[in-house]
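Enquirer: Input: one structure, supplied below.
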Amino acid sequence: MTEKFADMLAEDGKKNSLGRAEEVVQIVLSDKTRLKELYLCLFEDNAWLRMRAIDAFEKICRVQPEWIEPYIDRLFDDFGSDTQASIQWHMAEIAGETELTSTQKRRAITWLTERLQDPHVDWIVAANSMNTLATFVSEGSVAKNDLLPLLKQQQSHHSKAVVRRATKILESLS
């Protein structure tokens, strides 16, 4: 009998661990038909399970981004307003790892910009959003002058890692 991903991702020794997420990644990479099952785990009530599911989803994206591309619109429709930091930071990564249509890219840019306009944005969300927007600048999808004020704002972030990342990106754009 095939073990359900929701059960696999709910199991763990520690709540903040990735548990069996890597095992789920390997199963999906060997059987693409189970990707939808993984996506549906993002709707579970358990926040730790959702964290593991989005982590696995993004790791699959790194290897097979074209498998994730059909989910982009759904991802933003279903989770664009989700406040769970792990969902947000992986969405920021996925936006930079997939081939987006022009409409999807505009939507991603707006979404990423909104994350960086929030002075209380989670530090990993901020870092991943800055990285993806910097990639979009290098591709010519975002004007450098649109990113600069966001980076300058992030230089006041409470996380030293975000301040360093914002400074590094600013220097690379100069």
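Enquirer: With label points built 7 Å along Cα→Cβ from the Cα atoms of Thr135 and Thr113, find their separation and express it in nm.
Expert: Each label point lies 7 Å from its Cα, and together they span 1.9 nm.
Enquirer: Using the Kirkwood formula over every pair of different C-alpha atoms, what hydrodynamic radius in Å results for the chain?
Expert: Its Kirkwood hydrodynamic radius stands at 16.7 Å.
Enquirer: Loop only per DSSP, at most 15 neighbouring Cβ atoms within 10 Å: give me the GluC sites (Glu not before Pro) in region 81-125, ordered by residue number.
Expert: On the way: sites: Glu93, Glu97, Glu99, Glu114; in loops: Glu99.
Loop-located and lightly packed - Glu99.
Enquirer: Whole-Hz Karplus ³J(HN,Hα) for region 152-157, in order, using 6.51 cos²θ - 1.76 cosθ + 1.60 and θ = phi - 60°, x for Gly and Pro?
Expert: So the J values, rounded to whole Hz, are 5, 5, 5, 5, 9, 4.
Enquirer: Still on this structure: Would you work out the relative contact order for the chain, in percent, from Cα pairs under 8 angstrom that are 6 or more residues apart? Working shown, then result.
Expert: Values: 186 pairs, mean separation 25.0, N = 174.
Contact order relative to length: 14 percent.
Enquirer: Something else: On the first, second and third principal axes, largest extent first, how far apart are the outermost C-alpha atoms of region 1-68 in Å?
Expert: Largest to smallest, the principal-axis extents are 31, 27, 19 Å.
Enquirer: For region 81-169, what Kirkwood radius comes out of the mean inverse Cα-Cα distance, in Å?
Expert: Computed over region 81-169, the radius equals 12.7 Å.
Enquirer: Build a GNM of the chain with springs between Cα atoms under 10 Å: which of Val24, Val125, Val63 gets the top mean-square fluctuation?
Expert: Judging by the Gaussian network model, the answer is Val63.
Enquirer: Out of Asn128, Asn46, Asn145, any idea which swings most in a Gaussian network model of the chain, alpha carbons joined below 10 Å?
Expert: Maximum fluctuation in the GNM of the chain, among the listed residues, is at Asn145.
Enquirer: Sticking with this one: What is the magnitude of the charge dipole of region 135-174 about its Cα centre, with +1 placed on the Cβ of each Lys and Arg, -1 on the Cβ of each Asp and Glu, and no other charges, expressed in debye to the nearest 20?
Expert: Computed about the Cα centre, the dipole is about 240 debye.
Enquirer: Turning to a different aspect of this structure: Is region 82-121 rounded, prolate or oblate when judged by the Cα gyration tensor, a ≥ b ≥ c being the square roots of its eigenvalues, rounded requiring a/c under 1.5 and prolate requiring a/b larger than b/c? Before the final figure, lay out each step's value.
Expert: Numbers: a/c = 2.68, a/b = 1.51, b/c = 1.77.
The shape class here is oblate.
Enquirer: How far, in degrees from 0 to 90, does helix 102-117 lean away from the longest principal axis of the Cα atoms of the chain, to the nearest 10?
Expert: Once rounded, the angle reads 70 degrees.
Every read-out reported here was derived from the displayed coordinates using simple, explicitly stated rules and does not represent laboratory data. Everything quoted here is computed from the prediction, not taken from an experiment. Virtual Cβ from ideal backbone geometry, glycine too; neighbours counted across all protein chains shown.
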